[in-house]
Amino acid sequence: MRKNAFVDAWIAEMAAMTCPKEIVWIDGSEEQLEALRKEAVSTGEMIKLNEEKLPNCYLHRTAVNDVARVESRTFICTPTQEEAGNINNWCDPDEMYAKLKKLYTGSMKGRTMYVIPYSMGVVGSEFSKIGIELTDSIYVVLNMAIMTRAGADVMEALGDSPDFVKGLHAIADCDPENRYITHFPQDNTIMSVNSAYGGNVLLGKKCFALRIASYLGRKEGWFAEHMLILGVEYPNGETKYVTAAFPSACGKTNLAMLIPPEIYRKKGYKVWTVGDDIAWLRVKADGRLYAMNPENGFFGVAPGTNEHSNPNALATTRRDTIFTNVCHNLDDNTVWWEGLDENPPKHAVNWKGEPWDYRTYDKADKVNTSGAHPNSRFTASAKNCPCLSPMFDSPEGVPVSAIIFGGRRAKTAPLVYESFNWQHGTFVGSIMASETTAAAAGAVGVVRRDPMAMRPFVGYNMGDYWKHWLSMGTKIANPPKIFHVNWFRTDDEGHFIWPGFGDNFRVLLWILDRCEGKVDAVKTPIGYVPNPEDINLEGISGVTTETVRDLLSVDTESWLEDIGNIRDFYEQIGSHVPEELKEELDALEKRLKA
Ligand code: OXD
Ligand code: MN
């Protein structure tokens, strides 16, 4: 493999600290990956599943105390706290390096350090970025080999350059009290210790492609966003692309892989998935914004994935997949999770590795009684997705017609509305929110503000991030229009009014028609909403134009209530909130009161 003096010097330094017994470079070859799978099976780190039913699939369990991203242990280490802002955990870089050094010292004794060269985006594209992850976990190697483009060609693309993101991961004692997921944006460095859970240790994903990349994007004039990318193909063969940001548990993967209702399929409409989680967006010479997915696979939540909610995701996981913390069906050596079907296995092992009796399942206490952990995952190759876009490997991405923000609101947000312009659209993104549901522990209906779905992922001050959004608006000659959707309005009994899933396609078509200037809308204090009859209801059941009128209504009362909550949130972000957004908030309040 091609050598790079900067990479070698850094590895030597990290190896001197962690003391591995050997260092193994990951070249990306199938032989090497297969040998690692065999080794992981021989040590019990992974279980090989039924080769006929789930070819080349494996099951892995993490420690019981290590099953999710931990925001409280995630740090942005910038020279000043102001750079990291008020809603990130901050630590002085020198202080954090010193603390980490103690935790890493000797942590790989007797273990192998794997060196994973990987590219976020197509190898060699000027839109891509390179990272090197050092890890002592085979599970991490095998996941990174699915989630990124990893191997020897990345070292060729890097050449003699020092421009790569350094990532060091050590499982150490997997001690939650000493778990740190740390970012040093000024040093292009990520250090993760005492965890083995994907979101904390697959350093290409949230750590690099969002936190470090958002910092680089601001410096270099582009965006790293927590967005899906999808294409809508029209019967005439033309495809238009949208990106969409939703907080977790709002159906991002489902929307990314949506299957249009039958009446549209018959006419020749299709949806193509470019990405389900992260988008890097850049302005090209034609004055348009282009989106590319820096990842190469999906790290999706398993529970709730089924033939109805997301048949494409399910199909994607039927081969070459690593399942984490799902339920093991001993009868046929396959996997199961809550919401897959109505047939829980009779002989099973739960996500903790204990014998599991499905009759003990209690919805009110999922973590302790379910077969699969509520945050159990599949790591699956994008190449296995039946609706993967032919543009997936386009080095520069796809042109974006619309940016969609969304949240989970019982009353406040209508089914869809369009912002007045880029600045107002940025405001709409900044006030994104979701209400907690009965499914999560704690109070129901509590509003959590999650700007652009980036609350835990901006690698610097949120106020400066909004300024970056505003300033990018001046650099895009033909900017996408910005919309907001809410699939989750409920009636007085708490039932969802809109059927969602495939029927969301009807809303996507209205959005794209607006982008083309093909359809009128009604101006309201919050933005433009559709005329109810412009949402096509052909072939839908249980929804009338009256229902849609209701879904599109703007509830002035609840919006006025929200204004106070938004002001509090802006206060919390502090002095870096751009004046333009405060003016937008005042203007909204005025329009609502008029
Ligand atoms: C994810 C997340 O895993 O947003 O994608 O938490
Ligand atoms: Mn995500």
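Could you check the spin-label model distance between D362 and N478? Points 7 Å from the Cα along Cα→Cβ, value in nm.
My value for the distance between the label points is 5.9 nm.
At 0.36 nm per residue, minus the direct Cα-Cα distance, what do D491 and F6 gain on full extension? Give it in nm, one decimal, please.
The D491-F6 span can extend by a further 168.6 nm.
Could you tell me which of rounded, prolate or oblate describes region 431-588, using a ≥ b ≥ c as the square roots of the eigenvalues of the alpha-carbon gyration tensor, with rounded for a/c under 1.5 and, failing that, prolate when a/b is larger than b/c and oblate otherwise?
Oblate.
Round to the nearest 10 and give me the degree value, 0 to 90, for the angle of helix 504-515's Cα axis relative to the longest principal axis of the chain.
The angle comes out near 70 degrees.
Once the other residues with Cβ under 15 Å from the Cβ of R61 are scored (Lys, Arg +1; Asp, Glu -1), what is the net sum?
Surrounding charge for R61 is 0.
Using θ = phi - 60° and the Karplus form 6.51 cos²θ - 1.76 cosθ + 1.60, what ³J(HN,Hα) does each residue of region 116-131 get, whole Hz, x for Gly and Pro?
10, x, 9, 10, 8, x, 4, 4, x, 5, 5, 8, 8, 9, 10, x
Calculated FRET efficiency, E30 and V519, Cβ-Cβ r, R0 51 Å, to nearest 0.05?
Efficiency, rounded to the nearest 0.05: 0.55.
Using R₀ = 45 Å, calculate the FRET efficiency as 1/(1 + (r/R₀)^6) where r is the Cβ-Cβ separation of E95 and E126; round to 0.05.
0.80
Measuring with a 1.4 Å probe in the full set of protein chains, what accessible area per residue, in whole Å², belongs to region 228-278?
I get 33 Å² per residue for region 228-278.
For a label point 7 angstrom out from the Cα of S248 toward its Cβ, which stretches of region 180-211 have the backbone nitrogen within less than 17 Å?
Residues 180-182, 195-211 qualify, since their backbone N sits under 17 Å from the label point.
For Cα pairs less than 8 Å apart in space and 6+ apart in sequence, what is the mean separation divided by the residue count of region 205-354, i.e. the relative contact order in percent?
Here the relative contact order equals 18 percent.
Give the accessible surface of region 1-48 per residue, rounded to a whole number of Å², with probe radius 1.4 Å and ligands, DNA and RNA excluded.
Accessible area per residue: 56 Å².
Run through region 2-63 and list the GluC sites (Glu not before Pro) located in a DSSP loop whose Cβ has at most 12 other Cβ atoms within 10 Å.
Answer in residue order: E51, E52.
Tell me, in nm to one decimal, what length is gained between S42 and L560 on full extension, where the rule is 0.36 nm per residue of separation less the Cα-Cα distance?
Fully extending the segment from S42 to L560 adds 180.4 nm.
Stretched out fully, how many nm does the piece from K590 to S575 gain, at 0.36 nm a residue minus the Cα gap?
3.1 nm
Looking at the chain only, what percent of DSSP beta bridges run antiparallel? Nearest 5 please.
Beta bridges within the chain, antiparallel portion: roughly 65 percent.
Once you order the gyration tensor axes a ≥ b ≥ c over the Cα atoms, which shape class does region 187-344 get: rounded for a/c under 1.5, otherwise prolate or oblate by comparing a/b with b/c?
oblate
What is the percent carbon and sulfur in the accessible area of region 147-213, measuring with a 1.4 Å probe over the protein chains and ignoring ligands?
Carbon and sulfur together cover 43 percent of it.
In the neighborhood of E538, defined by Cβ-to-Cβ distances under 14 Å, what is the net charge if each Lys or Arg adds +1 and each Asp or Glu adds -1?
0
Can you tell me how region 86-219 classifies by the Cα gyration tensor, rounded, prolate or oblate, using a/c under 1.5 as the rounded cut?
The shape class here is oblate.
Using Cα centres only, tell me the gap between region 97-113 and region 318-357 in whole Å.
Cα centroid to Cα centroid, the span is 35 Å.
When all protein chains stay in place, what accessible area (Å², nearest 10, 1.4 Å probe) is found for T189?
Answer for T189: close to 10 Å² accessible.
Tell me the label-point distance for the pair R318, E546, using the 7 Å Cα-to-Cβ offset, in nm and rounded to one decimal.
Inter-label distance under the simple model: 4.3 nm.
The values are calculated or read from the model by the stated rules, or taken from the named source; none is laboratory data. Nothing here was measured: the structure is a model prediction, and the numbers come from that model. Ideal geometry is used to build each Cβ from the backbone, glycine not excepted, and the neighbour counts take in all protein chains shown. Each accessible area value is taken on the protein alone, full model and side chains, heavy atoms only, with ligands, DNA and RNA left out. Shrake-Rupley method; radii C 1.70, N 1.55, O 1.52, S 1.80 Å.
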